[in-house]
Amino acid sequence: MVECKNVVVAMSGGVDSSVAAALMVENGYNVTGLMLKLWTSECDHEANACCTPESISLAREVATQLGFPFYVIDTKEVFKQVVVDHFIQASQQGRTPNPCYLCNQKIRWGFLLDKATTLGADFLVTGHYGQIKKDTENHFHLFKANDPKKDQSYVLSGLNQEQLSKTLFPLGKYLKSEVRDLADSYSLRVARKPDSQDLCFVGSHGYRSFLNSIGSETAINGLIRNQDGVVLGEHTGLTNFTIGQRKGILSGFKDPLYVLKKDMDKNELIVGGSDLLNFTGITFSEANWIAGTVPDLNQNFDIKVRYKANPVNVRIVAIDEKSFRADFEYPIRDATPGQIAVIYLNNEVIGSGIIETVLCEGI
Amino acid sequence: MDKVYLDYAATTPLDSEVLTQMLPFFCDNYGNPSSVHYFGQIAEGAVENARESILRLLDAKGYELVFTSGGTESDNLALRGIVNSQNNDRNEFDLIISPVEHPAIDRTANSLEARENRKINKLRVDKYGMVEIDDLTSRLTPGVSLVSVIYANNEIGTINPVEKIAKECSKRGVLFHTDAVQAAAHLKISLTNSNISLFSIGAHKFYGPKGVGALIKKKGVDIIPHNSGGGQENGIRGGTHNVPGIVGFQRAFEKLDEKRDILFKKNMLLRDLIIENVLRTIPDTYLTGHPTERLPNHASFVFDGVKGNDLVIALDMAGFAVSSGSACKVGNPAPSEVLLAIGIPDNLALGALRITVGNKTSQEDVTRFLAVLPKTVSNLRKSK
């Protein structure tokens, strides 16, 4: 008989973590549900803010229905320090950070994994769409999920061998539609709950409103110029913009204008036509290589520079131990400092890092 | 292995014989006690029989009993019912309470202060959470409407010198209420010659059903009803009687009276085993509440370097149901106000644990628990 393994399932009250829990129960694991109570700017009852009393009671209901214990763990302090403050600081520096990556790396697979281990769990289980495989030499590999539309390997790419060795992603092999069907088959009331969209901590009005509400220093008006220095108008604060953004700039021009650059020193937004949004490469820092060591860089990797970006072929060269330069096969338009660069080899995640600079020919 | 329940102060299992007594009042004798017909008369008879029996068991001559939905409602009825019967423009305190009250008292007092502009004063307690008589008398002027002090504390188990407090109040013509929800489940209480004006009790703490309790008050103490309705309970508490609950309350209280001494001794042996063992085997651990003047089934501690919530979760996963000082199911641990009031610092107060035993607790349960607790505490301390 196989020994009954203890697992902690990170619950959010949503369909994915609920089905993940149900699958673990069905497969004979000894399941405990934990929910992280994260920091929120406003703990309202809006759907999909994962802190709400409603989410807690939904998760509790699932746990009761499936017959395992469920607890809520206060994580506000560490989440605020590690994730939210970093998000605010990076935003004020004109970067476009990815808090989910950091949260996964430091909170879910830091604070929560530690807690789960202390409580006697052999594995941490989440409802993420990703896949982990162990090779014959006991090394762990992270792969994209089978559902290309739901694949979350981008935000999981900050994990290391130790973290992956204690993690199970039961949903990685399923399509989202199959997960909803599974939720139905388990009679989970959350089966048709909509997917969460925005960052969990910014509240119902989106992250720009959140940044403005906390008095982000850079949310002051400034000039908009084109790449030749000609003043075209005024912007409402640099944190309201990200590179490649078109919405909310200026209208009435012959061709649509895009954010090319944010000049933090002068508080100016540099804009231009789409033909000027040509980034030929990036540099990234704080590299995390899943294998634990720098891979053979003499290979044709793919890179994703945003969660929803299309992968592009890339050559990587080392700058120093933790910093690398990536040159794209062809120019792309949506690389932004602060976002995560994730390196793939086919469907396998090789590593990731934080984009420091974007390289371009135009400006 | 079976899970072990060590949280009898939260609630207790319903006694099966009590359930048997309750059952006919759901489907057979389902009449409304307020109805004129015979169905109603049977139900009314059961309610009145229960009232009389409970008053007799409390030796409460000269008292009357108002059935409520439980201890919290009884506390609300006592505080709001007395305080709101007074004018609101006096210079005296409307209400004096201790700083170690159950939230049913503490939050009701806060609400009276914030919403109804009542003047509330809080007593001092000693390091065991016991009210000091000198402190009480220094604050007690005849114009005070009501003093309310918990009989035995739910978090730290300390039993207050209730009769002494009541006597000081009575001397000055001040009404005295006590929340005896925990105490009545363990102590033999006699009201006839006491100076207690109002007394709250709830059935589910002594193997009775949830959702039923009573406020027992001296005849002649007038309270303003806060649940208006069909005039039940002499107009003090409107709403159709919870007949099966009231019958269960009565039978559970009768059975408690029969078995109280035996249960008391058995619980106390287990309690003392827990206290002695925990203090001896786990370093940096402190007993909270009075070492001897405490509920016979109640052991409570604070552990340095451990979060009570984590400890409760870890113990639950290991098969033991206990509680931390600040019962928190939504992940917002704040140090318990009771522990802060007895002078325990914030960080230590977060490491609270309460173990309460009862009729189904065996010595083996306790031995197993005591084998697991030290390891659990040291694991949590290491993980920091």
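Points to keep in mind about this one:
- Rounded Å value of the spacing that divides the Cα centres of the range A:57-108 and the range A:153-184: 17
- Averaged over the residues of peptide A:117-123, the number of Cβ atoms from other protein chains lying within 10 Å of each residue's Cβ is 4.
- Residue among B:VAL221, B:VAL100, B:VAL338 with the largest mean-square fluctuation in a Gaussian network model of chain B, springs linking Cα atoms under 10 Å: B:VAL221
- Where a label projected 7 Å from the Cα of B:ASN32 along Cα→Cβ would reach, residues of the range B:212-253 with amide N under 12 Å: B:230-232, B:239-241
- Fraction of antiparallel bridges per DSSP, the range B:168-305 only, in percent to nearest 5: 65
- Inter-centroid distance (Cα atoms) of the range B:54-121 relative to the range A:220-261, Å: 64
- Sequence-distant residues sharing a close amide H with A:PHE70 (under 5 Å, placed H): A:GLY33
- Under 17 Å from the Cα of A:LYS193 - lysines, other chains or at least 8 residues apart: A:LYS150, A:LYS176
- Rounded to 5, the percent of DSSP beta bridges in chain B classed as antiparallel: 60
- Structure remark: mean-square fluctuation, Gaussian network model of chain B, C-alpha springs under 10 Å; the largest value among B:HIS226, B:HIS186, B:HIS102 belongs to B:HIS226.
- Shape call, the range A:93-191: gyration tensor on alpha carbons, a/c limit 1.5: rounded
- Among beta bridges that DSSP assigns inside the protein assembly as shown, antiparallel share in %, nearest 5: 65
- Residues whose amide H comes within less than 5 Å of that of A:LEU36, counting only those at least five positions distant or on another chain, are A:MET11, A:ILE73 (H built at 1.01 Å from N in the peptide plane).
- 18 Å Cα-Cα threshold exceeded, pairs from A:LYS134/A:LYS173; B:LYS3/B:LYS259; A:LYS134/A:LYS166; A:LYS106/A:LYS166; B:LYS171/B:LYS218: B:LYS3/B:LYS259
- Taking each DSSP H run with n ≥ 4 as -39500 (n - 2.57) and averaging over every residue of the protein assembly as shown yields -9000 deg cm²/dmol at 222 nm.
- Close amide H pairs (under 5 Å, H built 1.01 Å from N) link A:THR167 with A:LEU124, residues at least 5 positions away or on another chain.
- Tensor-based shape of the range A:273-349 (alpha-carbon gyration tensor, a/c under 1.5 rounded, otherwise prolate or oblate): prolate
- Residues A:LYS173 and A:GLN93, FRET efficiency given R0 of 35 Å [Cβ-Cβ distance, rounded to 0.05]: 0.35
- Of the DSSP H helices in chain A, those with a Cα length along their own long axis of 15 Å or more and a mean Kyte-Doolittle hydropathy reaching -1.0 comprise A:15-26, A:53-66.
- Karplus-derived HN-Hα couplings along the range A:152-160 (A = 6.51, B = -1.76, C = 1.60, θ = phi - 60°), whole Hz, x at Gly and Pro: 10, 4, 4, 8, 9, 6, x, 7, 10
- Relative protection proxy for A:269-277, B:358-366, from highest mean packing down: A:269-277, B:358-366 (other beta-carbon atoms within 10 angstrom).
- Between 0 and 90°, nearest 10: helix B:38-57 axis offset from chain B longest Cα axis: 60
- Segments A:109-119, B:201-211 sorted - mean Cβ within 10 Å per residue, highest first: B:201-211, A:109-119
- Of all lysines in the structure, those lying under 17 Å Cα to Cα from B:LYS265, and not within fewer than 8 positions of it along the same chain, are B:LYS188, B:LYS255, B:LYS360.
- Chain B: most fluctuating residue of B:ASP28, B:ASP346, B:ASP135 per GNM, C-alpha cutoff 10 Å: B:ASP28
- Average Cα contact separation per residue, chain A, under 8 Å, 6 or more apart, as relative contact order %: 16
- Of the chymotrypsin sites (Phe, Trp or Tyr not before Pro) found in the range A:254-363, those that fall in a DSSP loop while having at most 16 other beta-carbon atoms within 10 Å are A:TYR307.
- Three-way shape label, chain B, alpha-carbon gyration tensor, a/c 1.5: oblate
- Sorted peptide list for B:310-318, A:309-317, B:347-355, criterion being average Cβ within 10 angstrom, highest first: B:347-355, B:310-318, A:309-317
- For the range B:343-359, the Karplus equation 6.51 cos²θ - 1.76 cosθ + 1.60, evaluated at θ = phi - 60°, returns couplings of x, 7, x, 3, 5, 6, 5, 6, x, 8, 9, 10, 10, 10, 9, x, 4 Hz by residue, with Gly and Pro reported as x.
- Calculated FRET efficiency, A:HIS86 to B:ASP346, Cβ-Cβ distance, R0 = 22 Å: about 0.20 to the nearest 0.05.
Computed from the coordinates by the stated procedures, all read-outs in this text should not be read as laboratory data. As the structure is a computational prediction, the values presented were derived from the model and not from experiment. Neighbour counts run over all protein chains shown; Cβ positions are idealised from the backbone, glycine included.
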